[in-house]
Amino acid sequence: MISNFISLHKVDLHYAAVAFKERSLKSFLASTFTRKKKSTAISDIHALKDISLNIQQGERVGLLGHNGAGKSSLLKTIAGLYPISGGKLNVHGQIRSLFDLSLGFEPDATGRENILYRGLLLGLTPKFIKQKEEEIIKFADIGEFIDYPIKTYSAGMQVRLAFAISTSVGGDILLLDEVIGAGDANFMGKARDRITALIKQSKILVLASHDFSSLRSLCTRGIVIQKGAMVFDGGIEDAIGKYQAMQGGV
Amino acid sequence: MYNYLEGIWDARYFWTHLALSDLRSRWRRSFFGIFWSFLQPLGMTLLISFVFSRLFHTDITRYAPYILSGILMWDFLIFNIAGGALSFVQADAYIRQYKHPLAIYTLRNIITGLIVLVMGMIGLVLWVLVVMPENFGLCWIAVLLVFPILVLMVWPLATLMAYIGTRFRDLAPALTLIMQAFWFASPVYFEAKMFREGGLSKLVDYNPIYHLLQIVRAPLLQGEWPTLENYSFCIATGVLFFILTAWVGLTAEKRVIFYL
């Protein structure tokens, strides 16, 4: 058996700028008839710059960086959602990711139905989901609302349900993006326990967060990202120190 | 390629669920529900054949099933091809979260469309049995082949439209127009002999839509086996679309997420 690993070698990621340029006839006509001073040129966004990184089995890695530094881009690249524009990416192991928790709910369907939908999205079988259903409902603490449509839920309830579903199965590689910090204090405690348990099952964890205390308690290694480039890689304490120095310095 | 198809198979619970939930939500809170799949084409057929049979001086009882078969197939094509252009855009919440092969999001429409088509076909068969019972025979088995052929022809094309339609959002409205043009140029409601009499035989002989329709019409409406030409034309078109889509997908598949 080959052990699980994540390996990036000189990885670049560009977002195609054409995707957000407006190309409608209306805007074309408007720009020909109105004299504009100077249009700001939109070029491709260089989201990740020359990142080389090796994560071995058993490592718990924390990602630090300002908003927009490239933490989420890096996680989604590892998950295989974004195509890299240069370098080499090698990931071995089954990936479980928790990115945007509220995405992918069907508002008109009940909570129970949504457990099924989301489970299927994650590649589970209907049988397996049925087994896990009660446990998920109990953990999410939704009560009798589970048979009401999702659109009647409060934001916190939605996040709790999504979290409960997504964390009900373990994988080899766990990618988390800012998910801790959802829900009330009571749920936070439960969530932390759940994640700790998941981390024990999974072989690799990569966590992006701004919450130093959870980073300290969950991770051993820290990586600091700034403007798409990796500026620090080392122990978690040193990484936090480096990040705090960056915040103070700039 | 093999891995890709394997990924589609692995996600089978997910896309069958999507297709069924589409059907459910389509008929949610409606009294007739799924029976609209019968009623809608039947009603349309009655309306159209009433007018056309007078216009063209044809026998309404024989002409109506012809129209019905045209409506059923055409609805399937429009739903999948014109609707396919936006199928990735509609599935963006899923695409952003989990890496499934994108072709499952067009397959979802194909499955929904096939279920509606089968319902309508049952109506067509019953109608023909009453009006033209003399056509019934062994050759009716041939009609069943239309379903795999439809999948082969339409699934790759819908996926191709989805790749392009995600990047160029003008495609979806443009396709409605293009499909309308194909409708006029094909014997969907009009009889093939009208095209031939008008000196437009080529629009029939080289038209995959005609051959596709013949697979249903030859057995049910004429009591004959479809010709080998009908089948080979459809399969060749399907293979062509498949190769084209696979080629475009090589680069487009990964980049779709940027354009959502």
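The values are calculated or read from the model by the stated rules, or taken from the named source; none is laboratory data. Keep in mind it's a predicted model, so treat the numbers as computed, not measured. Cβ sites come from the backbone with ideal geometry, for glycine too, and all protein chains shown count toward neighbours.
Does A:Glu106 fit the bill of being farther than 30 Å from A:Arg60 by Cβ, within 14 Å of chain B (Cβ to nearest Cβ) and at pLDDT below 85?
When the stated conditions are applied, A:Glu106 passes them.
Across segment B:138-168, what is the total count of residues that are under 19 Å from A:Leu25 (Cβ atoms) and free of Cβ contacts under 8 Å to residues at least 24 places away in the same chain?
The total comes to 1.
To keep it simple, each residue is scored yes or no on (1) at pLDDT 90 or above; (2) aromatic (Phe, Trp, Tyr); (3) surrounded by fewer than 22 Cβ atoms within 10 Å (Cβ to Cβ).
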site: B:Gly113; (1), (2), (3): yes, no, no
site: B:Val118; (1), (2), (3): yes, no, yes
site: B:Trp127; (1), (2), (3): no, yes, yes
site: B:Pro133; (1), (2), (3): no, no, yes
site: B:Phe136; (1), (2), (3): no, yes, yes
site: B:Trp140; (1), (2), (3): yes, yes, yes
site: B:Leu145; (1), (2), (3): yes, no, yes
site: B:Val151; (1), (2), (3): yes, no, yes
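What's the total number of residues in segment A:75-93 that are of a type in the set (Gly, Ala, Ser), within 9 Å of chain B (Cβ to nearest Cβ) and touching a residue at least 24 places away in the same chain (Cβ under 8 Å)?
1
For segment B:176-260, list the helices (runs of 4 or more DSSP H) that sit wholly inside it and hold at least 2 residues that are in contact with a His (Cβ under 6 Å, 6 or more places away or on another chain); which are they?
Per the criteria, B:228-259.
So the check is Cβ under 7 Å with 6+ separation or different chains; which pairs have a first residue in segment B:240-260 that's within 13 Å of chain A (Cβ to nearest Cβ) and closer than 15 Å to B:Val89 by Cβ and a second one that's among the acidic types (Asp, Glu) and surrounded by 16 or more Cβ atoms within 10 Å (Cβ to Cβ)?
Short answer, once both residue conditions are applied: B:Leu260/B:Asp92.
Just to verify a result, which residue in segment A:109-128, among those that are hydrophobic (A, V, I, L, M, F, W, C) and within 9 Å of chain B (Cβ to nearest Cβ), is nearest to A:Ala79 (Cα to Cα)?
Going through the qualifying residues, I end up with A:Leu122.
Residue by residue, here is whether (1) basic (Lys, Arg); (2) under 30 Å from B:Thr251 (Cα atoms); (3) buried (at least 16 other Cβ atoms within 10 Å of the Cβ) holds:
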site: B:Thr61; (1), (2), (3): no, no, no
site: B:Pro65; (1), (2), (3): no, no, yes
site: B:Trp74; (1), (2), (3): no, no, yes
site: B:Ala82; (1), (2), (3): no, yes, yes
site: B:Tyr98; (1), (2), (3): no, yes, yes
site: B:Leu157; (1), (2), (3): no, yes, yes
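With the condition kept exactly as written, say whether any residue in segment B:221-241 is within 30 Å of A:Ile84 (Cβ to Cβ), out of contact with any strand residue (DSSP E or B) (no Cβ under 9 Å at 6 or more places or on another chain) and at pLDDT 90 or above.
Yes: one or more hits.
Mind counting the residues in segment B:7-55 that are within 14 Å of another protein chain (Cβ to nearest Cβ) and part of a loop (DSSP other than H, G, I, E, B)?
The qualifying residues number 3.
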